[in-house]
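Shown next, in C-alpha cells, is the structure this report addresses.
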Amino acid sequence: MECRFISPGGAGAASPHWYSIPSYGLFATPGRRRPARYTRLAREVAGRYDAPTGKTPRRGVAIKLKEKVSILLGFALLAVSPGHPSTACPADEKTKLGPGEQALTIRVGDLDRSYIVHVPRSYDGKTRLPLVIMFHGTGGTARGAMRQTGWAAKADEAGFFAAFPEATRPDQARPARFRGNPQIWNDGSGRAHAGRRNIDDVAFTNSLMDDLEARFAIDPRRIYVTGFSNGASMAFRLGIELSDRIAAIGPVAGHLWMKNQRPARSVSLAFIAGAEDPVNPLDEARARRPGGEKQPLRQSLLSWTKMIGCSLRPKVARDENGVKALDYGPCDGKAEVVFYIIEGMGHTWPGGKNRLPEWMVGKTTDKLNATDVLWEFFQGHPMS
C-alpha cells in the first residue's frame, strides 16, 4: 500500500481509510446544530451540580450523572473536528516520508494502532532530530491534541518530530466519540475498557518509536513524552516502564497511578498543574469509582521525587505573573524535577486552545505556554 502525504487541512485525493469525528454538543462548530440529547445532558448536569440550592442529588441519580459527566469531561482535550482522510502503511513497509503531516498505522498484538507524526519543514532526511510524543486525554483524539497544544507548529519552529498517538476505544469498529465511545489510555489506574482489558499501550508506544526510527533520522537520546490528563498519566507510566528509551517527561494535569515501581534510570520531570483544577485538584483528594480515592496532583509530584532520589525541600526557581516553579533537584543520575503551579488555572492546557466550558473545567490561562516551557525543559535533558 502507498503512503500519501496529508496536509494539515486534509488530503484531496481518495484514500482507502477514512475516519470522521462529528463536532456536536458543547463542542459544536459555529452554524452546526446540537443534537437535543447533548443539550439536555448539559442542562441536566448544570442543574444538578451547579444549582444554588446546595442540595445533593439522590445517590442513584448522582452516580448516573457522574457517569455522564465522566464522558463529557474526559479529563481531556476533547476537541473534535470534521472528517479527515487517513492513510496507513503496513509496519513492514518503511516508506521514507518527507516533511508534513503523516497518518500511519502499525500492528501491535491483535490490534491496528494509529498515530499522526508531524515532520518538520527543516528535515533533510539525514540529520538526527529529537522526537516529542504527545498523548491526548480521555475522550480526545490525536488531531485534537495536535491542534489544541500547538506541538506541530513548535516542531516546525524548533526542528523536531512531533507524534500524536490514538488511544483505543470500547468499540474499535465504531468511530471515536467523546460520549459513548471515548478513546482512553491504559495509564495504570485500571480505569475504563483500557484498564479492564489490559490494553498494552506501553507496547504500542515502543512499536511507535521503532516505526519512526525505521522511517526517519531520529536521535534516540532525545525522545520525550508529554500528555494531558489521562495522557499525562500515560506519560508518567512510560517514564517508569520505558526509562531506557525516554529521556524526560512533561505531564500536564494528570496523575501518577503506578505503585511500588521505579524507573531503571532516573527520568527528569517537568510537571504542570493548575491551582484551581476542579477535575484533578492540586491539593484535594477526590473519590473515584468503582472505589478508592484519587490522590491530589501534588502527591504524584512528591511520589516521583522520592522515586528518583530528589530533594524534598524545593527551591523556588520562579514566582511571577501567577506562575510558581519549584525545583526539586538535585536528583539521582543528574536528573531534575520542576513543578509548575499556575494560579487560577483549571483543567486545561496552558497557552493552548480550550473547547470545554468553564463550568466543567475551570479557567484557561496564557500566563504560561506549556508547549514552550516543556520544549525548553526537554532541550536541557537529553539521555546521558
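Would you mind checking Lys126/Lys334; Lys294/Lys363; Lys154/Lys353; Lys154/Lys324 for any pair whose Cα atoms are more than 19 angstrom apart?
Numbers: Lys126/Lys334 30 Å; Lys294/Lys363 21 Å; Lys154/Lys353 15 Å; Lys154/Lys324 24 Å.
From Lys126/Lys334; Lys294/Lys363; Lys154/Lys353; Lys154/Lys324, over 19 Å: Lys126/Lys334; Lys294/Lys363; Lys154/Lys324.
Hey, which aspartates and glutamates would be in cross-link range of Lys259, C-alpha to C-alpha under 18 Å, not counting anything within fewer than 8 residues on its own chain?
Hits, sequence-local ones excluded: Asp187, Asp200, Asp201, Glu241, Glu293.
Non-local amide H neighbours of His255 (under 5 Å, H modeled in plane, Pro and chain starts lacking H): which ones?
HN-HN under 5 Å from His255: Ser233.
Test of understanding: what is the full-extension gain from Lys334 to Thr127, defined as 0.36 nm times their sequence separation minus their Cα-Cα distance? Display every interim value, and only then the final one.
On the way: separation 207, 0.36 × 207 = 74.52 nm, distance 2.70 nm.
Result: 71.8 nm gained on full extension.
Could you name the aspartates and glutamates whose alpha carbon sits less than 13 Å from that of Lys306, not counting residues in the same chain fewer than 8 places away?
Result set, ordered by chain and number: Asp332, Glu336.
What's the exposure ranking of Arg318, Arg113, going from fewest to most Cβ atoms within 10 Å? Mind showing how you got there, number by number?
On the way: Arg318 13, Arg113 25.
Listed from fewest to most nearby Cβ atoms, that is Arg318, Arg113.
Would you mind computing, in nm to one decimal, how far apart the modelled labels at Arg313 and Glu376 are, each placed 7 Å from Cα along Cα→Cβ?
2.7
Trypsin sites (Lys or Arg not before Pro), restricted to the range 151-238: which are DSSP loop and have at most 16 other Cβ atoms within 10 Å?
Numbers: sites: Lys154, Arg177, Arg179, Arg191, Arg196, Arg197, Arg215, Arg221, Arg222, Arg237; in loops: Arg179, Arg191, Arg197.
Within the range 151-238, the qualifying trypsin sites (Lys or Arg not before Pro) (loop, at most 16 other Cβ atoms within 10 Å) are Arg197.
Local charge sum around Asp171 (other residues, Cβ-Cβ under 15 Å, Lys/Arg +1, Asp/Glu -1)? Walk me through the numbers before you get to the answer.
Numbers: positive: Arg169, Arg174, Arg177, Arg179, Arg196, Arg197; negative: Asp112, Glu166.
Its environment carries a net charge of +4.
Where Lys and Arg each count +1 and Asp and Glu each count -1, what net charge lies around Asp366 among other residues with Cβ under 12 Å from its Cβ? Walk me through the intermediate numbers first.
Working: positive: Lys353, Lys363, Lys367; negative: Asp372.
Value of the local net charge: +2.
None of the figures in this text is laboratory data; all of them are computed from the coordinates on show. Keep in mind that this is a model prediction, so the values were computed, not measured. Positions of Cβ are backbone-derived with ideal geometry, glycine not excepted, and every protein chain shown enters the neighbour counts.
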